[in-house]
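Written below as structure tokens is the structure these notes are about.
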Amino acid sequence: KFTVEQPVTLNPVRLSEPDSAALVEEVIKFADAVRSGQPATLDLSIPELNTLLHIAPDTGYGKFTELIAFKAAQPEEQFLVADVCLPLNKMKFWEGQRYAAGEAEFKPDIVAEAGADMKLVSLTVPGKEVEPKFVEALGGWHWLTPYQKLEKFTPVFKAITKVEVTSGGITLTAEGKP
């Protein structure tokens with residue numbers, strides 16, 4: 001009742017190419033420090049989060065840029081707000097997909113044995129009612145799982161000890177090895 005037949009195009013705010021290259025260097029420095037057991041912090045703005053989604057490898061689950069476009073941070077609730085276009089199988093799955101297109105809130109967190117992740121906590125589709133049970137089911141998805149399974153990312157995700165939503169994005173913290 002709350003889906004549409006065709007996907008919508010998301011328009012995330014991203015960094016320019018030169019700023020994107022600088023972001024990659026910053027992320028590499030953070031990852032290198034984390035892998036070596038050093039304490040490290042990484043601040044990421046909304047455009048930087050969208051840029052990372054844009055350049056992230058497809059791990060076989062599709063590109064997140066087709067699903068999520070971050071647009072705001074809510075530090076009081078510790079939520080990231082995004083426009084979304086979520087593909088869902090039709091009741092008769094062999095008939096293809098429909099799309100939940102609207103706005104979602106995600107809660108970044110630390111998940112036992114996986115490290116940094118985020119979960120969907122709300123979904124609003126303009127002019128339509130989304131069943132709370134559906135949102136609850138989506139809340140069970142671990143959104144960063146495809147990347148947590150990549151060998152080069154696994155130790156970095158697991159070493160992150162704190163994720164904080166700030167007024168402009170998020171801060172990732174790894175305390176380092178004692």
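The values are calculated or read from the model by the stated rules, or taken from the named source; none is laboratory data. From a predicted model like this one, the values you see are computed outputs, not experimental measurements. A quick note on method: Cβ atoms are made from the backbone with ideal geometry, for glycine too, and the neighbour counts reach across all protein chains shown. Accessible surface areas use protein heavy atoms only, side chains included; no ligands, DNA or RNA. Shrake-Rupley method; radii C 1.70, N 1.55, O 1.52, S 1.80 Å.
Structure values in brief
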read-out	value
Among (i) 1, 7, 11, 13, 13, 14, 14, 12, 8, 4, 2, 1, 0; (ii) 2, 7, 12, 16, 16, 14, 10, 8, 6, 4, 3, 2, 1, 0, 0, 0; (iii) 1, 8, 15, 20, 22, 15, 9, 6, 3, 1, 0, the entry that matches P(r) over Cα pairs in 5 Å bins from 0, in percent as calculated here	(iii)
Efficiency of FRET from Cβ geometry, residue 109 and residue 4, R₀ 35 Å, rounded to 0.05	0.70
nm² value of the averaged projected area, convex hull over the Cα atoms of the stretch 30-111	7.5
Accessible area (Å², per residue) of the chain, counting only protein heavy atoms and a probe of 1.4 Å	58
Loop-located GluC sites (Glu not before Pro) in the stretch 1-89 whose Cβ has at most 11 other Cβ within 10 Å (DSSP)	5, 76
Cut-off 15 Å between beta-carbons: net charge of the residues surrounding residue 169, Lys and Arg +1, Asp and Glu -1	-4
Within the chain, helix-based [θ] at 222 nm, where runs of 4 or more DSSP H residues each add -39,500 (n - 2.57), nearest 500	-7500 deg cm²/dmol
Kirkwood-based Rg to Rh ratio, the stretch 12-59, C-alpha trace	1.00
The chain - percent of accessible surface contributed by carbon and sulfur, probe 1.4 Å	55
Cβ-derived FRET efficiency at R0 45 Å, residue 38 paired with residue 89, nearest 0.05	0.55
Degrees separating the helix 46-55 axis from the principal Cα axis of the chain, which is the longest one	80
Sequence of 45, 36, 20, 167 when ordered by accessible area, the most exposed leading, probe 1.4 angstrom	167, 36, 45, 20
Heavy-atom accessible area ranking, 1.4 Å probe, most first, across 157, 134, 30	134, 157, 30
